[in-house]
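The values are calculated or read from the model by the stated rules, or taken from the named source; none is laboratory data. Just so we're clear, the structure is a prediction, and the values are computed from it rather than from any experiment. Note: ideal-geometry Cβ built from the backbone for every residue, glycine included; neighbour counts use all protein chains shown. Protein only, heavy atoms only, side chains kept; ligands, DNA and RNA dropped before computing areas. Shrake-Rupley method; radii C 1.70, N 1.55, O 1.52, S 1.80 Å.
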Amino acid sequence: MSVSPARRVAYEVLMRVFEQEAYADRVFRTAAEGLDERERAFAHRLAYGAVQRVRTLDHAIETLGKRPVRKLDPPVRASLRLGAYQLGYTETAPHAAANESVELVRRARLERAVPFTNAVMRRLAEGIGPLLASLPDGPLKESYPDWIADVWTRDLGADSALALMRTMNEPLETVVRLVRGDPPPGAEPTDVPGAFRVERVDDLAVADGRIWPQSRGSQLAGLVVGSRDGERVLDLCAAPGGKTAQQRGDVTAVEIDRNRARELRENMVRLGATNVTVVEADGTVLPPGLDGFDRALVDAPCSGLGVLAQRPDLRWRAEPLPELQLALLRSAAERVRAGGTIVYSVCTPNADENEAVVEASGLRVLPLGGEWPAFAHPRRPEFLLTLPHVHGTTGFFVARLARD
């Protein structure tokens, strides 16, 4: 029996992500080469869905299969996860899910495990629906680590936390920034200037530098900087450069990683951002010549809890980084002239990485809620906070600060 191309790709993603700690998007990009549009879409749904839902899938496999998932051979584990996802979350026929999961195990030369796989798939086909329906609302049912659910419940309340978990398990809107020329055919303007909602991203237009895939939340952070011609702007942690290319004036973009710095330079050329100079340096220990800036953007590394819908594996490896964020913010503030402004942004709704970092910096807060009332932070309106379940875009915290 053959295995469909889409299931082969999804199986490879599951194997690489959970057995080799690879990144789902990178594995998928390579594994899905050569698939037609329909198969690629199905493979994407299976791969990303199974990675997102792995906690719930493992619970179902262990409950119905009567064996700990961690003790299974990796190919059996991946095959059962893929089969369980199809049975629990898609309209796939049970016999198709079962047969191809068994075939994946057989192709891994684990003939001894075929009867077990077949038996577990039969039990899943009969019982996964009622099992999923019986789970209480929360991180097990929605497949999140407990700590993420706890953080969102603390910061947003139980109802909003649950709504956010559910939203981040579904695809968000597709948005591009118009760089030059006319909007793509059929593009819909949004409440963020220059941001257009599209059905799909035109890769040719991206390659030509006419548009750039960038969520409304991300574009909002870039706009808040408010840079103007004639000003000097410092952009820390700049790669891949979406917000960098939004800036006017003389922009110095700092990136510590050599490969990401190369990507940043290539993107600036593509986007026609001739005003940007890329510097390879540690943002917490900047070269002495970088000083006297009018504005700075610190789009700091973070746990990424606001972009979990696009990065299915991130919830299993996410880590808050408040110490690094504070060090970067202070580093930027030291290089901004007195009276200059610093925008601090992170793609996470986590107060430990948001308000707490701003407060620890000692910088004066310049209120933003009046300028962008639709995105005002629900508890602290001097800040902005985009929330996927409220705004339909990625989750970004944005603060504008002043160095007195």
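Of note:
- About the centre of its Cα atoms, the chain shows a dipole size close to 960 debye [charges on the beta carbon of Lys, Arg (+1) and Asp, Glu (-1) only; nearest 20 debye].
- For the chain, the share of accessible area belonging to carbon and sulfur comes to 49 percent (1.4 Å probe, ligands and nucleic acids excluded).
- Residue-by-residue Karplus 3J(HN,Hα) for region 275-284, coefficients 6.51, -1.76, 1.60, Hz, glycine and proline x: 8, 9, 10, 8, 10, 8, 6, 7, x, 8
- Using C-alpha pairs under 8 Å with a sequence gap of at least 6, the mean separation divided by the residue count of region 23-164 gives a relative contact order of 23 percent.
- Residues of region 211-233 with amide N under 15 Å of the 7 Å Cα→Cβ point at Ala374: 215-221, 223-224
- Cα centroid separation - region 96-142 against region 168-185, whole Å: 37 Å
- The H on the amide N of Val279, modeled in the peptide plane, is under 5 Å from the matching H of Ala253, Val254, Glu255, each at least 5 residues off or on a different chain.
- Estimated from the Cβ-Cβ distance and a Förster radius of 51 angstrom, the FRET efficiency linking Ala356 and Arg109 is about 0.50.
- Which of Gln214, Ala149, Leu385, positive extreme of dipole for the chain (C-beta unit charges): Ala149
- Heavy-atom accessible area per residue - region 294-354, 1.4 Å, Å²: 30 Å²
- Using θ = phi - 60° in the Karplus curve 6.51 cos²θ - 1.76 cosθ + 1.60, the 3J(HN,Hα) couplings for region 377-382 round to 4, x, 9, 10, x, 6 Hz; x is entered for Gly and Pro.
- Between the beta carbons of Ala96 and Asp404, assuming R0 = 51 Å, the FRET efficiency works out to 0.20 to the nearest 0.05.
- Scalar couplings 3J(HN,Hα) for region 259-268, obtained by applying the Karplus form with A = 6.51, B = -1.76, C = 1.60 to θ = phi - 60°, are 5, 5, 5, 5, 4, 4, 4, 4, 5, 5 Hz; x denotes Gly and Pro.
- Residues whose placed amide H lies under 5 Å from that of Gln214, excluding near-sequence neighbours: Val175, Val176, Arg177
- Residues in region 150-172 that a label on Thr190 would reach, taking backbone N under 11 Å of a point 7 Å out along Cα→Cβ: 172
- Average accessible area per residue (Å²) across region 1-73 - probe 1.4 Å, nucleic acids and ligands excluded: 53 Å²
- Order by protection proxy (mean Cβ within 10 Å, highest first), peptides 234-244, 281-291, 324-334: 234-244, 324-334, 281-291
- Helix 5-20 vs. the chain, principal-axis angle (Cα, 0 to 90°, nearest 10): 70 degrees
- Separation of region 298-318 and region 332-354, taken as the distance between their Cα centroids, equals 18 angstrom.
- Cleavage-rule hits, trypsin sites (Lys or Arg not before Pro), region 20-91, DSSP coil, Cβ neighbours within 10 Å at most 11: Lys66
- Simple spin-label estimate for Ala133 and Arg197 in nanometres, 7 Å along Cα-Cβ: 3.3 nm
- Computed about its Cα centre, the charge dipole of region 79-228 is approximately 500 debye, with only Lys, Arg, Asp and Glu carrying charge at their Cβ.
- Residues whose amide H falls under 5 Å from that of Ala296, counting only those 5 or more places apart or on a different chain, are Leu234, Thr341, Ile342, Val343, with hydrogens built in the peptide plane.
- Label-to-label distance, Ala338 versus Val285, with points set 7 angstrom from Cα along the beta-carbon direction: 3.0 nm.
- Cα centroid of region 222-265 to Cα centroid of region 55-88, whole Å: 44 Å
- Listed residue (Leu80, Leu64, Val51) projecting farthest to the positive dipole end of region 27-96, Cβ model: Leu64
- Net dipole in debye of region 1-110 [+1 Lys, Arg Cβ; -1 Asp, Glu Cβ; about Cα centre; nearest 20]: 360 debye
- Cα long-axis angle, helix 158-167 against the chain (0 to 90 degrees, to the nearest 10): 70 degrees
- Segment Glu126-Arg29, extension gain: residue separation times 0.36 nm, minus the distance between their alpha carbons: 31.5 nm
- The angle between the Cα long axis of helix 114-134 and the main principal axis of the chain comes to about 60°, on a 0 to 90 degree scale.
- Pairwise FRET efficiency - Ala119 versus Thr174, Cβ, R0 = 56 Å, nearest 0.05: 0.85
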